[in-house]
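Sharing a structure below in structure tokens format, with a few things to ask.
The values are calculated or read from the model by the stated rules, or taken from the named source; none is laboratory data. What you see is a predicted model; the values in this text were computed from it and never measured. Cβ placement follows ideal geometry from the backbone for every residue including glycine, while neighbour counts extend to all protein chains displayed.
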Amino acid sequence: MSRLRTLFVIDELDIGGTEQQILETVRRIDRDRFEPYVCCFRHGAKAREIEALGVPVIHEPKRLKADPGLVLRLSAMMKRERFDIVQTYLWTANTWARVAARLAGIRWVLASERNVDIWEEAYKRVIGRFLARSTDRIIANSEAVRQYLLNRGGLAADKVVTIYNGVNFDRFRTRCDASERRRELGIADDVVLAGCLARVEPAKDHGTLLQAMALISSRVPKLHLVLIGGGSEEERMRRMAHELGIGERVHFTGFRTDAAEWLQSVDLSVLSSVKEGLSNTVLESMAAGKPVVATDVGGNAEVIVEGQTGFLVPSRSPTELGAALARVASSPETMASFGAAGRRRADDLFSVDSMVKHTERLYLDLVAAGTLAAA
């Protein structure tokens with residue numbers, strides 16, 4: 001069998017969890033069986049990393065919010081390049097590129113869904129159900145996302161498959177100087193540092209996290225928090241921290257490209273999201289050997305083992321989030337035990353090699369079934 005020309009399509013190739021998953025997939029996919037390409041509507045840092053691997057990145061700009069011409073351009077490109085498989089990621093690419101793939105006559109079309117979208121607009125649900133009819137498989141990155149898609153309606157159970165996100169453990173186990181980051185923040189080495197690696201956007205609900213920190217500030221006087229990442233809510237969170245009287249104990253890094261080093265430099269990881277699919281931050285924190293306190297949303301409960309690798313708390317509950325943070329931060333033994341157990345669990349279940357092998361197997365099964373059907 002000749003190599004299968006495989007195109008991965010996403011709207012943007014900048015810093016982000018889904019972008020990292022694509023990078024790791026094309027880095028490891030079996031080049032004897034697959035010939036990978038990536039297409040994006042907006043270039044970015046990950047595009048350059050992918051190109052450095054020798055994988056072509058096709059830039060097809062989206063010129064308008066509603067851009068019918070994009071469908072025609074994508075379709076012409078897919079037909080010209082004679083792709084066998086197209087897999088799309090996230091709402092924009094899942095919509096425009098799936099339509100284009102069918103117009104181009106692509107044999108196998110897959111979409112990747114990565115969130116339990118509690119705020120999904122009705123029109124997106126309608127479009128998603130319609131496009132699902134002509135999609136060969138939809139890949140969910142957690143069982144929670146799979147059940148959300150099935151409950152949304154219009155999908156046969158065997159059309160939606162779960163393939164967990166994978167972590168490149170090497171990124172989180174290289175030597176780094178943790179004290180260097182503490183010096184950057186201006187804090188002492190004996191401070192207990194909680195890290196929240198997430199875009200500072202409404203879905204991550206940093207406000208609840210700041211309220212939790214304020215509630216326990218006197219109980220855990222050496223606990224500091226660093227918000228790793230930038231976003232539209234950053235200035236509001238800075239003001240809120242000062243209004244809560246914890247401004248000197250909450251630190252902001254802004255946009256960073258060295259997230260792996262930051263995760264290795266904190267003592268524990270915290271995530272206050274109101275919605276998730278399968279959190280890369282949780283997986284990466286466990287890979288880095290850090291205990292995790294996170295909200296019980298999306299697939300987080302499929303990753304964190306309560307009381308063994310971390311704690312799960314309800315979303316939008318500062319009291320319960322604060323209590324869990326204090327419980328972990330007050331006990332070096334708990335932090336060490338949870339961190340070691342989390343690392344073992346990440347090794348066993350969430351490696352990037354496992355993700356890529358399951359993806360390859362899905363592709364090959366579809367091809368085999370299609371070949372048999374045509375025979």
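Can you say whether Val305 is hydrophobic (A, V, I, L, M, F, W, C) and in the same structural domain as Gly17 (by TED's automatic domain parsing), as far as the supplied structure shows?
No; evaluated as a whole, the condition is false for this residue.
Strands (runs of 3 or more DSSP E) wholly in region 178-288 with at least 3 residues that are outside the structural domain of Glu143 (by TED's automatic domain parsing) and under 25 Å from Leu312 (Cβ atoms) - which ones?
Of the strands (runs of 3 or more DSSP E) lying wholly inside region 178-288, those with at least 3 residues that are outside the structural domain of Glu143 (by TED's automatic domain parsing) and under 25 Å from Leu312 (Cβ atoms) span 192-197, 223-228, 268-271.
Across region 291-303, which residue is surrounded by the fewest Cβ atoms within 10 Å (Cβ to Cβ) among those that are out of contact with any Leu (no Cβ under 6 Å at 6 or more places or on another chain) and assigned to a loop (DSSP other than H, G, I, E, B)?
The qualifying residue surrounded by the fewest Cβ atoms within 10 Å (Cβ to Cβ) is Val297.
Where residues in region 211-247 are of a type in the set (Val, Ile, Thr) and closer than 25 Å to Gly16 by Cα, which of them is surrounded by the fewest Cβ atoms within 10 Å (Cβ to Cβ)?
The selected residue is Val226.
Working only within region 309-364, note down all residues that are farther than 30 Å from Asp32 by Cα, of a type in the set (Val, Ile, Thr) and surrounded by 20 or more Cβ atoms within 10 Å (Cβ to Cβ).
Thr309, Val313, Val328
Going by what's in this entry, would Ala324 be described as of a type outside the set (Val, Ile, Thr), free of Cβ contacts under 8 Å to residues at least 60 places away in the same chain, in a helix (DSSP H, G or I) and touching a helix residue (DSSP H, G or I) at 6+ places or on another chain (Cβ under 9 Å)?
Yes: the conditions hold for Ala324.
To continue, here is another question. Answer yes or no: is there a residue in region 207-223 that is free of Cβ contacts under 8 Å to residues at least 12 places away in the same chain, more than 30 Å from Thr253 (Cβ to Cβ) and of a type outside the set (Asp, Glu).
There is no residue in region 207-223 that is free of Cβ contacts under 8 Å to residues at least 12 places away in the same chain, more than 30 Å from Thr253 (Cβ to Cβ) and of a type outside the set (Asp, Glu).
Separate question: Has region 124-147 got any residue that is surrounded by fewer than 18 Cβ atoms within 10 Å (Cβ to Cβ), in a helix (DSSP H, G or I), modelled with pLDDT of 90 or more and not aromatic (Phe, Trp, Tyr)?
yes
Right, another one. Which residues, taken from region 33-75, are among the charged types (D, E, K, R) and touching a Ser or Thr at 6+ places or on another chain (Cβ under 8 Å)?
Glu35, Lys62, listed by residue number.
Please list, ordered by first then second residue, the pairs with beta carbon atoms under 7 Å, 6 or more apart or interchain, first in region 237-248 and free of Cβ contacts under 8 Å to residues at least 24 places away in the same chain, second surrounded by 11 or more Cβ atoms within 10 Å (Cβ to Cβ).
Arg238/Phe252; Gly247/Ala241
A follow-up question, please. With more than 22 Å from the chain's Cα centre (by Cα) and assigned by TED's automatic domain parsing to the domain that holds Thr88 as the only criterion, which of Val161, Val126 stands out?
None of the other options fit; the residue is Val126.
From the list Thr25, Thr18, Thr6, exactly one residue is surrounded by 14 or more Cβ atoms within 10 Å (Cβ to Cβ), over 22 Å from Ser134 (Cα atoms) and in contact with a strand residue (DSSP E or B) (Cβ under 6 Å, 6 or more places away or on another chain). Which is it?
Going through Thr25, Thr18, Thr6 in turn, the sole match is Thr18.
Of the conditions (1) surrounded by 14 or more Cβ atoms within 10 Å (Cβ to Cβ); (2) under 30 Å from Ala66 (Cα atoms); (3) in contact (Cβ under 8 Å) with a residue 40 or more places away in the chain, Glu120 fails just one. Which one is it?
Of the numbered conditions (1) surrounded by 14 or more Cβ atoms within 10 Å (Cβ to Cβ); (2) under 30 Å from Ala66 (Cα atoms); (3) in contact (Cβ under 8 Å) with a residue 40 or more places away in the chain, the odd one out for Glu120 is (3).
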